[in-house]
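Q: Structure incoming, see below.
The values are calculated or read from the model by the stated rules, or taken from the named source; none is laboratory data. Only a predicted model underlies this, so the values are computations on that prediction, with no experimental measurement involved. Cβ placement follows ideal geometry from the backbone for every residue including glycine, while neighbour counts extend to all protein chains displayed. SASA here: full protein model, heavy atoms, side chains in, ligands and nucleic acids out. Shrake-Rupley method; radii C 1.70, N 1.55, O 1.52, S 1.80 Å.
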Amino acid sequence: MNTASPITALKGVGEKTAALFHRVGVDTVGELLSYYPRTYDVYEKPKNFADLEPDRVQAVTAMLHRTPEGKKAGRYHITTAVLTENGIRLSLSWFNMPYLRNSLLPGRTYIFRGRVQKKKERLSMDQPEIYTPEDYEKLLGTMQPVYGLTGGLSNKTVTKAVRQALDELALDPEYLPEHIRNEQQLAEYNFALRTIHFPVKREDLLLARKRLVFDEFFLFILALRQMKEQTEDTVNACVIRPGAAVETLLSSLPYELTGAQKRVWQEIQSDLAGETVMNRLVQGDVGSGKTVLALLALLSAVESGFQGAMMAPTEVLARQHAESIRELLLGLSMEDCVELLTGSMTAKEKREAYARIESGEARIIVGTHALIQEKVQYARLGLVVTDEQHRFGVRQRETLAGKGLHPHVLVMSATPIPRTLAIIIYGDLDISVIDELPANRLPIKNCVVDESYRPKAYRFIEREVAAGRQVYIICPMVEENPEIEIENVVDYTEKLRKELAAGITIEYLHGKMKAAEKNDIMERFAAGEIQVLVSTTVIEVGVNVPNATVMMVENAERFGLAQLHQLRGRVGRGSHQSYCIFVSGSDSKETRKRLEILNRSNDGFYIASEDLKLRGPGDLFGVRQSGILEFRIGDIFTDALILQAASEEAAKLEKQDPDLSLAEHRGLREKLSEYRRAGLERMSL
Ligand code: ADP
Ligand code: MG
């Protein structure tokens with residue numbers, strides 16, 4: 001067995017389990033080993049009730065005095081038990097586990113372990129794990145890996161498979177050159193790999209993690225550099241200059257471009273007409289007005305005789321872009337040259353779209369990644385714009401190059417990352433920043449409240465709706481359980497329909513809905529037919545409904561601040577005063593302090609860096625900050641220092657041995673080409 005062996009080479013992994021692993025991106029033994037734990041369960045000594053802290057996973061020892069109670073609550077069955085110790089009560093509840101009433105016996109002592117919640121001085125645990133004292137004794141003091149899971153794949157299955165792989169595999173030799181390991185004080189590779197899955201001590205775990213984070217960043221940066229070399233000298237065969245239509249569009253906009261928009265538009269124009277093709281990132285906070293710049297570039301391409309494509313991460317967003325572009329082109333009578341291409345279109349619709357793209361009749365093509373699939377033949381593609389965190393990777397570039405196309409590439413992102421980091425992460429791109437919001441914007445008003453405020457929030461929502469505005473509500477998240485999450489959205493919506501005044505149209509949206517259903521809901525929301533939209537975080541990216549003025553986020557404490565900021569960006573997009581209500585389900589002081597940062601500022605860069613300061617580098621496995629820059633283990637905010645170090649080492653290496661031809665760099669060279677084959681295009685930066 002080696003790292004390239006299929007996962008079925010492991011004992012106990014059959015076709016069925018392999019199919020589940022495939023869903024989390026694991027097909028080979030090597031991929032299994034880099035399927036790092038999401039966090040670790042630390043089995044600490046049980047605590048006295050008086051010492052329990054809210055929002056932390058802890059264990060208690062207690063004798064059960066009576067048989068737990070069971071009851072139906074809507075769709076759920078709930079089992080509850082109440083424990084007491086020195087007059088302090090702790091209530092336990094389990095969802096859909098009615099059999100516990102038979103297996104938990106009064107008079108016996110158990111260890112219950114779970115996240116402690118404290119509301120109005122009352123302690124509770126949802127879904128606590130249950131152990132006998134003997135079983136718990138065996139786990140005490142250990143750290144057990146917790147993997148990201150999918151329905152049907154249990155943590156036990158993953159753990160067992162990883163353990164077997166580590167035991168039986170002929171491991172890769174160390175590939176990082178010794179000078180780098182010494183300079184950066186990095187642990188040996190195989191030690192790091194074993195330790196990240198099965199840590200014995202916390203100190204070792206930190207060392208292991210540092211090593212693997214370094215590797216991940218280092219390989220990424222090296223791969224980017226190679227990519228830049230390949231692309232930066234591509235001769236510009238699509239010289240694009242804005243013409244009369246762009247002029248007309250600019251003068252017919254209902255607003256004037258901000259200074260920052262004008263500056264960035266200049267930068268884009270000089271790229272488009274330059275010697276080599278454009279590879280530019282436009283970074284601008286939510287609502288800074290990136291879309292209109294994309295349109296100006298696309299329209300310029302059309303005027304210069306080329307086609308322009310715009311790629312969005314979701315179908316909802318693609319549709320919305322197509323609509324708003326058509327609208328802006330109405331005045332020029334050019335709306336018919338806009339083509340929408342998405343995965344959920346029927347085969348016939350797609351065929352017709354392909355034909356119009358191939359004939360050149362379609363000039364501005366908007367869609368999801370379907371845009372660059374094999375079947376799409378462009379007549380004269382000159383520009384590709386990607387919106388919102390959809391990196392245009394090696395694979396996509398190569399697909400297009402295979403068709404003889406070398407278009408300009410414009411990447412647009414709202415990820416709030418400081419410039420120093422952006423330069424590293426987007427090393428293959430030139431960067432423009434829109435650092436100014438349109439002047440007509442009223443700053444969003446924010447408040448952080450607890451759950452008792454909900455009725456007031458609902459009355460407020462009713463008033464906003466009565467005034468003609470619209471509302472988003474982000475539903476409580478259910479960690480790691482998409483099925484319950486869906487039920488939650490549905491239940492919440494039903495409750496809300498009873499709570500809010502009659503006549504308000506309330507609909508919901510979640511990730512598992514069919515694309516057509518989602519589109520329908522979004523279109524009705526955009527058209528003002530739906531007043532309140534209850535949603536999971538699928539709404540997060542890029543949606544633009546300027547009439548929406550309230551964003552209410554339930555369980556705000558469960559989100560990273562950067563993500564909350566993205567959510568908040570869905571409101572405050574028009575001229576009406578907008579509001580953000582963060583409902584915290586937790587009384588803890590730290591949580592409040594974190595959320596207060598949002599309260600203080602509407603500046604994404606500031607928020608992300610404050611969050612980092614507050615949590616400190618010790619909180620390695622807490623809330624993932626970005627959720628957007630998806631590295632496997634590294635987090636560009638928390639691990640910013642390692643990112644810098646990796647970047648410096650990459651620069652040194654480039655001077656010393658640019659094509660990695662020295663003997664001591666052979667291992668690294670091989671690892672890098674393996675990474676480029678497997679890794680880079682997966683990243684959705
Ligand atoms: P984002 O940068 O988040 O993609 P959008 O491009 O969707 O932002 O723009 C948000 C809203 O701001 C849109 O309704 C757009 O019409 C409007 N807008 C863009 N530029 C300006 C401007 N210079 N002045 C006023 N409104 C603008
Ligand atoms: Mg946008």
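Q: Between region 211-250 and region 317-381, how far is it from one alpha carbon centroid to the other, in angstrom?
A: Value for the Cα centre distance between the two parts: 23 Å.
Q: Let me ask you something else. FRET efficiency for SER154 and ARG101, Cβ-Cβ distance as r, R0 = 25 Å, nearest 0.05?
A: That pair, SER154 with ARG101, gives E of 0.60.
Q: Here's another thing I want to ask about it. Kindly report, to the nearest 10 Å², the accessible surface of GLU256 as traced by a 1.4 Å probe over protein heavy atoms only.
A: The value for GLU256 is about 140 Å².
Q: Still on this structure, please answer the following. Kindly provide the chymotrypsin sites (Phe, Trp or Tyr not before Pro) of region 231-309 that DSSP labels as loop, not H, G, I, E or B, and whose Cβ sees at most 15 other Cβ atoms within 10 Å.
A: Filter output for region 231-309: TYR255.
Q: Kindly report, to the nearest 10 Å², the accessible surface of THR591 as traced by a 1.4 Å probe over protein heavy atoms only.
A: Solvent-accessible area, nearest 10 Å²: 20 Å².
Q: Heavy atoms only, 1.4 Å probe, whole protein assembly: order LYS375, LYS348, LYS262 by accessible area, highest first.
A: Most to least solvent-accessible, the answer reads LYS375, LYS348, LYS262.
Q: If we count every other residue with Cβ under 9 angstrom of ASN544's Cβ, Lys/Arg +1 and Asp/Glu -1, where does the sum land?
A: Result for the neighbourhood of ASN544: +2.
Q: So how exposed is GLU464, as accessible area in Å² (1.4 Å probe, rounded to 10)?
A: About 30 Å², ignoring ligands and nucleic acids.
Q: Something else now. Please count, across region 490-589, the pairs of lysine residues with Cα atoms under 28 Å apart that sit 8 or more places apart or on different chains.
A: Qualifying lysine pairs in region 490-589: 6.
Q: For region 542-599 and region 109-171, what is the separation of their Cα centres, given in Å?
A: One Cα centre to the other: 32 Å.
Q: Add +1 for every Lys or Arg and -1 for every Asp or Glu among the other residues with Cβ under 15 Å from the Cβ of GLY243, and state the total.
A: With Lys, Arg at +1 and Asp, Glu at -1, the net is 0.
Q: Go through ARG459, ARG89 and list them by solvent-accessible area, largest first, probe radius 1.4 Å.
A: Reading off the accessible areas and sorting them downward yields ARG89, ARG459.
Q: Give the long-range amide H neighbours of GLY148: residues separated by 5 or more places, or on another chain, with amide H under 5 Å away, using H modelled in the peptide plane at 1.01 Å from N.
A: Under 5 Å from the amide H of GLY148: ARG38.
Q: Could you please put ARG280, ARG23, ARG225, ARG211 in sequence from largest to smallest accessible area, using a 1.4 Å probe?
A: Ranked from most to least accessible, the order is ARG23, ARG225, ARG280, ARG211.
Q: So, one more: Within region 24-81, which trypsin sites (Lys or Arg not before Pro) sit in a loop by DSSP and count at most 10 neighbouring Cβ atoms inside 10 Å?
A: Taking region 24-81 and a limit of 10 other Cβ atoms within 10 Å, the loop trypsin sites (Lys or Arg not before Pro) found are ARG66.
Q: Something else: Taking the Cβ-Cβ separation of ALA439 and LYS593 as r and a Förster radius of 35 Å, what is the calculated FRET efficiency to the nearest 0.05?
A: 0.60
Q: Rg over Rh of the chain, using C-alpha atoms and the Kirkwood radius, what does it come to?
A: Here the Rg-to-Rh quotient is 0.98.
Q: A further question on this structure: If amide H atoms are built 1.01 Å from N in the plane of the peptide, which residues on other chains or at least 5 residues away come under 5 Å of the amide H of TYR508?
A: Here the answer is VAL534, since their amide H atoms fall under 5 Å of that of TYR508.
Q: Using a Förster radius of 51 Å, what is the FRET efficiency between ALA516 and MET1 based on their Cβ-Cβ separation? Nearest 0.05, please.
A: 0.70
Q: Any aspartates and glutamates with Cα under 15 Å of the LYS16 Cα? List them, leaving off those in the same chain fewer than 8 positions away.
A: ASP27
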